[in-house]
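The structure appears below as structure tokens.
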């Protein structure tokens, strides 16, 4: 059974669920999950978790992401992107210097109101289902973090391209709209390319057509589960404690060959046969490692 993560390039016209369905057919694997929805008009990195790797979906969903977006000035739309209907238009009279200043001003903590055309649920109903019926409801604001926001290209007097490094839950459509609001001339997102999810980058992604072509020799394109956590220190448990380890019980410090000296959120735990067991937290008060997630 195949198990691991494949870095897929989602092309325009596909939903994220379409990509999962097609990958299931190509690989003949039922247990496949994606790691963060991309709209049909958007393209870019969409890691797929296969087999036992579906356990890591929450970790990749929570990972920081990077996008490149084209912002079109002069209007607001119903969907905050080019697929929606124009709500209102404005004259545009801004300079690249003004745009750069506004774009950079969004770096740091940033409070967004999610768009109506989104999959967030309010009172058990997805917002896009209400929006399609013409119903607009109050949405709770949420704080996200813009790690970096830069002006990549000044395309013409009404459009420019930005690169955004951000935390999970960030709506780039809403960011584009808010940039237009701050500039005083309206804006919407014209196009979107996701270039990174965690450490999975665009340059190393493959399309569904390439997945079909490589399916008989897919191993070089499958990333292991532990690769996702490679930034965390690895620790090895002494063989005498294998029964405790395999049962998922907390492991006392005396069972560990060497503990990391630095303070870390998690460690990767292996047995003496170098088999990856799972992700653990360090509890210094109780002098033990406690399992966060078992990947055996």
Residues being under 18 Å from residue 37 (Cα atoms) and buried (at least 18 other Cβ atoms within 10 Å of the Cβ) - total across segment 64-81: 8
Residue satisfying condition, being touching a strand residue (DSSP E or B) at 6+ places or on another chain (Cβ under 6 Å) and surrounded by fewer than 20 Cβ atoms within 10 Å (Cβ to Cβ), within set 33, 44: 33
Single unsatisfied condition, residue 285 versus (1) free of Cβ contacts under 8 Å to residues at least 12 places away in the same chain; (2) assigned to a strand (DSSP E or B): (2)
Some residue of segment 128-137 being within 25 Å of the chain's Cα centre (by Cα) and assigned to a loop (DSSP other than H, G, I, E, B): no
Among residues of segment 137-159, those that are closer than 17 Å to residue 66 by Cα and in contact with a helix residue (DSSP H, G or I) (Cβ under 8 Å, 6 or more places away or on another chain), counted: 4
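Condition check ((1) out of contact with any helix residue (DSSP H, G or I) (no Cβ under 9 Å at 6 or more places or on another chain); (2) surrounded by fewer than 17 Cβ atoms within 10 Å (Cβ to Cβ); (3) closer than 18 Å to residue 144 by Cβ) across all residues:
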site	(1), (2), (3)
51	yes, no, no
83	yes, yes, no
90	no, yes, no
95	yes, yes, no
115	no, no, yes
120	no, yes, yes
123	yes, yes, no
Filter result for residue 158 (surrounded by 19 or more Cβ atoms within 10 Å (Cβ to Cβ) and modelled with pLDDT of 95 or more): no
Strands (runs of 3 or more DSSP E) contained entirely in segment 1-80, each with at least 1 residues that are within 23 Å of residue 128 (Cβ to Cβ) and at pLDDT 95 or above: 4-10, 43-50, 65-73, 75-77
Extreme residue, farthest from residue 268 (Cα to Cα), among residues of segment 221-243 that are surrounded by fewer than 18 Cβ atoms within 10 Å (Cβ to Cβ) and in contact with a helix residue (DSSP H, G or I) (Cβ under 7 Å, 6 or more places away or on another chain): 241
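The values are calculated or read from the model by the stated rules, or taken from the named source; none is laboratory data. What you see is a predicted model; the values in this text were computed from it and never measured. Heads up, the Cβs are rebuilt from the backbone with ideal geometry, glycines too, and the neighbour counts pull from every protein chain shown.
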